[in-house]
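The values are calculated or read from the model by the stated rules, or taken from the named source; none is laboratory data. It should be emphasised that the depicted structure is a prediction, and the values quoted were computed from it without experimental measurement. Backbone-built Cβ (ideal geometry, glycine too); neighbour counts: all protein chains shown.
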């Protein structure tokens, strides 16, 4: 699907406020409500709009510890990789995880209540996975830029 200027405008507005009414959305991009609804539906059907949701403030939710964890695997067998990925997918502390190039095999962003909760995460989960050789933790001191949307 090729995106035009109206698609970009719709996506920008929806990323800023996914609860915006279709009527308001249509008015802001200069479209009829029915044409706007069809365009948004097409963006959803094409998979460009993946989902809708609320963006939470971790600090306000009591999650005061944030880290970027660089994980190196000792073994890369299919079973070990599957166990690692399934395990990561089930842990609420892991909010993002990426397979990457470079020294580490995976980069994870982890949110916890505090340092003790993070230590428990390491000891009871991460270090018990057979494939994990090591994990290096970079504690996030402050956020410089955090953008959940895609710019156009």
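At-a-glance table
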{"quantity": "Strands (runs of 3 or more DSSP E) contained in the range 90-152 and holding at least 3 residues touching a strand residue (DSSP E or B) at 6+ places or on another chain (Cβ under 9 Å) and surrounded by fewer than 15 Cβ atoms within 10 Å (Cβ to Cβ)", "calculated": "94-99, 132-139"}
{"quantity": "Search result, residues across the range 135-152 that are touching a helix residue (DSSP H, G or I) at 6+ places or on another chain (Cβ under 9 Å) and at pLDDT 95 or above", "calculated": "135, 137, 139"}
{"quantity": "Flag for residue 50 being out of contact with any strand residue (DSSP E or B) (no Cβ under 9 Å at 6 or more places or on another chain), without any contact (Cβ under 8 Å) to a residue 12 or more places away in the chain and either farther than 27 Å from residue 14 by Cα or not in a loop (DSSP other than H, G, I, E, B) (or both)", "calculated": "no"}
{"quantity": "Of residues in the range 18-34 being in contact with a helix residue (DSSP H, G or I) (Cβ under 7 Å, 6 or more places away or on another chain) and part of a helix (DSSP H, G or I), the one farthest from residue 146 (Cα to Cα)", "calculated": "33"}
{"quantity": "Residue count, the range 55-83 (criterion: within 22 Å of residue 139 (Cα to Cα) and surrounded by 12 or more Cβ atoms within 10 Å (Cβ to Cβ))", "calculated": "12"}
{"quantity": "Residue in the range 58-73 that is in a helix (DSSP H, G or I), farther than 18 Å from residue 147 by Cα and in contact (Cβ under 8 Å) with a residue 40 or more places away in the chain present", "calculated": "no"}
{"quantity": "Qualifying positions in the range 76-91 - without any contact (Cβ under 8 Å) to a residue 40 or more places away in the chain and either within 11 Å of residue 125 (Cβ to Cβ) or touching a helix residue (DSSP H, G or I) at 6+ places or on another chain (Cβ under 9 Å) (or both)", "calculated": "88, 90, 91"}
